[in-house]
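**Student:** Please see the structure below; I have some questions.
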Amino acid sequence: MDKPLGKVKLGDVQAFADSLTHLSLATQARRLSTVKSLFAFAHKLGYVPFDVGRPIRTPKRKNTLTERIMIEADTHKVIALEPNTRNRVMLRLLYASGVRVSELCGLKWRDLQERGEAGQVTVFGKGGKTRTILLSVATWQELMSLRGGGQDEPVFPSRKQGGHLDPSQVLRIVQAAARRAGVVGKVSPHWFRHAHASHALDRGAPIHLVSHTLGHSSVATTGRYLHARPTESSSKYLAV
């Protein structure tokens, strides 16, 4: 499609959507979302008179969240079998706080404050939102055992490059820890965030509290974990 943006019609966008059917649903959804966002933005600015991408539906994808939630025993095993002290503390903090890997890598010592015998971590996260997460005594003490730099030093520095640890380095550490523990799947740092949410809800944590801790923009986002691992089902009432 080789047309100026202002001359693109709904039929053109639909033809583009039809041309993607040989791709995976995830790829189709990603590309269509990009096009829809472009036309929505152009319409908002007044560059085009109509948002021709709005009627186009992105394909629905299978919810695979449940495949990326480790059971509690596996999560603790991944952490416990990590032989490197810094890496073990990092894995524990990923699980205990539910922070995103970018938030973890950006932490400085000034973001940690003592609270009695334990402490809290302040995170500047997605969407420019700041949230504070309380940590257990055990997690706090392990974090403090790493303390060696000043307030503006990274909590998890890169030993090879200096400065903050890079998310790609954290990914390699997580994948190695998962293999060591025998956990199958494309394990990533985000799996600890999934585990935090699911396990906290399983143990009775209020959904609004989990939502706040994770920095979700909506409780509905947190509710995905309830649907991914339900505690009740009508199938349990059948004589089969």
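The values are calculated or read from the model by the stated rules, or taken from the named source; none is laboratory data. The structure displayed is predicted, hence computed values, not measured ones. Glycine also receives a Cβ, built like all others from the backbone with ideal geometry; neighbour counts cover every protein chain displayed.
**Student:** How many of the residues in the stretch 154-175 are in a helix (DSSP H, G or I) and surrounded by 14 or more Cβ atoms within 10 Å (Cβ to Cβ)?
**Tutor:** Counting residues in the stretch 154-175 that are in a helix (DSSP H, G or I) and surrounded by 14 or more Cβ atoms within 10 Å (Cβ to Cβ) gives 7.
**Student:** Got a sec? Which of 100, 92, 88 is among the charged types (D, E, K, R), over 20 Å from residue 214 (Cβ atoms) and out of contact with any strand residue (DSSP E or B) (no Cβ under 8 Å at 6 or more places or on another chain)?
**Tutor:** Working: 100 fails: over 20 Å from residue 214 (Cβ atoms); 92 fails: over 20 Å from residue 214 (Cβ atoms).
After ruling out the rest, the residue left standing is 88.
**Student:** Hey, among the residues in the stretch 12-36 that are without any contact (Cβ under 8 Å) to a residue 12 or more places away in the chain and part of a helix (DSSP H, G or I), which one's surrounded by the most Cβ atoms within 10 Å (Cβ to Cβ)?
**Tutor:** Ranking the candidates gives 31 first.
**Student:** Now a separate question. Evaluate the stretch 206-224: report whether one residue or more is of a type in the set (Val, Ile, Thr), within 18 Å of residue 101 (Cβ to Cβ), modelled with pLDDT of 90 or more and in a helix (DSSP H, G or I).
**Tutor:** Checked against the condition, which is being of a type in the set (Val, Ile, Thr), within 18 Å of residue 101 (Cβ to Cβ), modelled with pLDDT of 90 or more and in a helix (DSSP H, G or I), the stretch 206-224 yields no hits at all.
**Student:** Within the group 40, 73, which residue is among the small types (Gly, Ala, Ser) and closer than 20 Å to residue 198 by Cα?
**Tutor:** After ruling out the rest, the residue left standing is 73.
**Student:** Does the stretch 126-147 include one or more residues that are assigned by TED's automatic domain parsing to the domain that holds residue 186, more than 27 Å from residue 209 (Cα to Cα) and either free of Cβ contacts under 8 Å to residues at least 60 places away in the same chain or buried (at least 18 other Cβ atoms within 10 Å of the Cβ) (or both)? Can you show your working first?
**Tutor:** Taking the stretch 126-147 and keeping what is assigned by TED's automatic domain parsing to the domain that holds residue 186, we get 126-147.
Then keep just the ones that are more than 27 Å from residue 209 (Cα to Cα); that gives 145-147.
Applying the additional criterion that residues be either free of Cβ contacts under 8 Å to residues at least 60 places away in the same chain or buried (at least 18 other Cβ atoms within 10 Å of the Cβ) (or both) yields 147.
Within the stretch 126-147, one or more residues are assigned by TED's automatic domain parsing to the domain that holds residue 186, more than 27 Å from residue 209 (Cα to Cα) and either free of Cβ contacts under 8 Å to residues at least 60 places away in the same chain or buried (at least 18 other Cβ atoms within 10 Å of the Cβ) (or both).
**Student:** Which one is modelled with the highest pLDDT among residues in the stretch 111-125 that are loosely packed, with under 14 Cβ neighbours inside 10 Å and either under 14 Å from residue 193 (Cα atoms) or among the charged types (D, E, K, R) (or both)?
**Tutor:** 114
**Student:** Ok, one more. With the condition kept exactly as written, say whether any residue in the stretch 85-101 is at positive phi, assigned by TED's automatic domain parsing to the domain that holds residue 208 and under 21 Å from the mean Cα position of the chain (by Cα). Before the answer, list the steps.
**Tutor:** Step one: filter the stretch 85-101 for residues at positive phi, giving 98.
Still in the list and also assigned by TED's automatic domain parsing to the domain that holds residue 208: 98.
Then drop every residue that is not under 21 Å from the mean Cα position of the chain (by Cα), which leaves 98.
So far as the stretch 85-101 goes, yes, one or more of its residues are at positive phi, assigned by TED's automatic domain parsing to the domain that holds residue 208 and under 21 Å from the mean Cα position of the chain (by Cα).
**Student:** Can I ask one more? Within the stretch 163-186, track down each residue that is within 14 Å of residue 76 (Cα to Cα) and aliphatic (A, V, I, L, M).
**Tutor:** Taking the stretch 163-186 as the starting set, the residues that turn out to be within 14 Å of residue 76 (Cα to Cα) are 174, 177-183.
Across the stretch 163-186, the qualifying residues are 174, 177, 178, 181, 183.
**Student:** Looking only at the stretch 91-110, which residues are in a helix (DSSP H, G or I), surrounded by fewer than 17 Cβ atoms within 10 Å (Cβ to Cβ) and among the charged types (D, E, K, R)?
**Tutor:** Passing the criteria: only 110.
**Student:** Just to check your reading of the model, which residue among 51, 74 is of a type in the set (D, E, K, R), surrounded by 12 or more Cβ atoms within 10 Å (Cβ to Cβ), under 21 Å from the mean Cα position of the chain (by Cα) and modelled with pLDDT of 80 or more?
**Tutor:** When all the criteria are applied, what remains is 74.
**Student:** Mind listing whichever residues of the stretch 132-174 are more than 24 Å from residue 191 (Cα to Cα) and either modelled with pLDDT under 90 or of a type in the set (Gly, Ala, Ser) (or both)?
**Tutor:** Of everything in the stretch 132-174, those that are more than 24 Å from residue 191 (Cα to Cα) and either modelled with pLDDT under 90 or of a type in the set (Gly, Ala, Ser) (or both) turn out to be 145, 147, 148, 149, 150, 151, 152, 159, 160, 161, 162, 163.
**Student:** Sticking with this structure for a sec: Looking only at the stretch 176-200, filter to residues that are assigned to a loop (DSSP other than H, G, I, E, B) and under 16 Å from the mean Cα position of the chain (by Cα); which one of those is surrounded by the fewest Cβ atoms within 10 Å (Cβ to Cβ)?
**Tutor:** 186
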